[in-house]
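Only one structure is covered here, and it is reproduced in the block below.
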Amino acid sequence: MTTKTKKAKNPATANRLPTGPNGGVQLLLIHNVEDLGHQGDVVEVRPGYALNYLIPQGLATVATDHHKRMVEKHRAKLQAIEKAHQSDLRKKALEIAKQSITIEANATEDGHLYGSVGAPEIVAALKKNDINLHTDQIRLEGVLKELGLYTVKFRLSSEVDGELKVWVVPQVGADA
């Protein structure tokens with residue numbers, strides 16, 4: 001009676017891939033992979049998924065100590081760049097907060113606007129002062145429908161917010 005032993009299809013690659021506690025292959029993700037993990041994560045996958053997709057596509061590599069150190073260095077550089085970017089955005093938010101913009105609009109004698117002032121008008125007024133924002137960065141609770149001074153919130157990133165003074169004044173020569 002002879003028993004057959006199960007052989008790996010490619011023993012050279014099967015032997016050099018580290019196995020995890022569940023019997024899968026441990027890989028270090030080079031890029032974010034949807035439904036699997038983020039860059040720098042050590043994941044455990046089936047050998048076929050590793051050998052046929054993740055490694056050939058350049059999405060993952062063997063989880064060695066050297067590769068882990070390289071990813072940590074890269075991650076540290078990215079965090080430093082992001083920190084500098086957030087600092088620049090905070091400075092920009094302070095500059096914008098110092099601004100006071102004036103928007104002229106047609107209004108009744110009671111101070112009610114015929115139309116309304118929204119994010120596009122605010123962005124256009126800021127553009128005249130060489131400040132570029134997008135309409136989705138302006139946070140209005142509703143359109144401005146009366147003359148007066150308003151404090152309008154804006155968001156430059158998920159961590160950087162600010163406020164801006166907006167004057168809505170009657171259009172010059174509206175009664176003429």
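Results, tabulated for the structure shown:
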item: Estimated inter-spin distance, Tyr114 and Glu95, nm [label 7 Å along Cα→Cβ]; result: 3.7
item: Average accessible surface area per residue within the chain, 1.4 Å rolling probe, Å²; result: 72
item: Net lengthening on full extension, Met70/Asp41 (0.36 nm per residue, minus Cα-Cα); result: 9.2 nm
item: Nearest-20 debye value, the chain charge dipole, Cβ charges on Lys, Arg, Asp, Glu; result: 1720
item: Percent carbon-and-sulfur accessible area, the chain, ignoring ligands, DNA and RNA, probe 1.4 Å; result: 50
item: Per-residue [θ]222 nm for the chain (sum of -39500 (n - 2.57) over DSSP H runs n ≥ 4, rounded to 500); result: -9500 deg cm²/dmol
item: Spin-label pair Ala124/Ile103, simplified geometry with 7 Å Cα→Cβ offset, distance in nm; result: 1.0
item: Candidate aspartates and glutamates - alpha carbon under 20 Å from Lys83, same-chain residues fewer than 8 apart omitted; result: Glu72, Glu95, Glu159, Asp161
item: Percentage relative contact order, the stretch 39-176, counting C-alpha pairs under 8 Å, at least six apart; result: 24
item: Rotationally averaged projected area of the stretch 34-118 (alpha carbon convex hull; nm²); result: 11.0
item: Most mobile of Arg90, Arg46, Arg139 in a GNM of the chain (Cα contacts under 10 Å); result: Arg46
item: Extension gain from Tyr49 to Val172, taking 0.36 nm per residue of separation minus the Cα-Cα distance; result: 37.4 nm
item: Percent of C-alpha pairs per 5 Å bin, the chain, short to long; result: 1, 7, 12, 12, 9, 7, 6, 6, 7, 7, 6, 5, 5, 4, 2, 2, 1, 1, 0, 0, 0, 0, 0
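The values are calculated or read from the model by the stated rules, or taken from the named source; none is laboratory data. Every value quoted in this text rests on a predicted model; they were computed, and no experiment measured them. As a convention, Cβ positions derive from the backbone with ideal geometry for all residues, glycine included, and neighbour counts pool all protein chains shown. Just the protein is used for accessible areas: all its heavy atoms, side chains included, with ligands, DNA and RNA removed. Shrake-Rupley method; radii C 1.70, N 1.55, O 1.52, S 1.80 Å.
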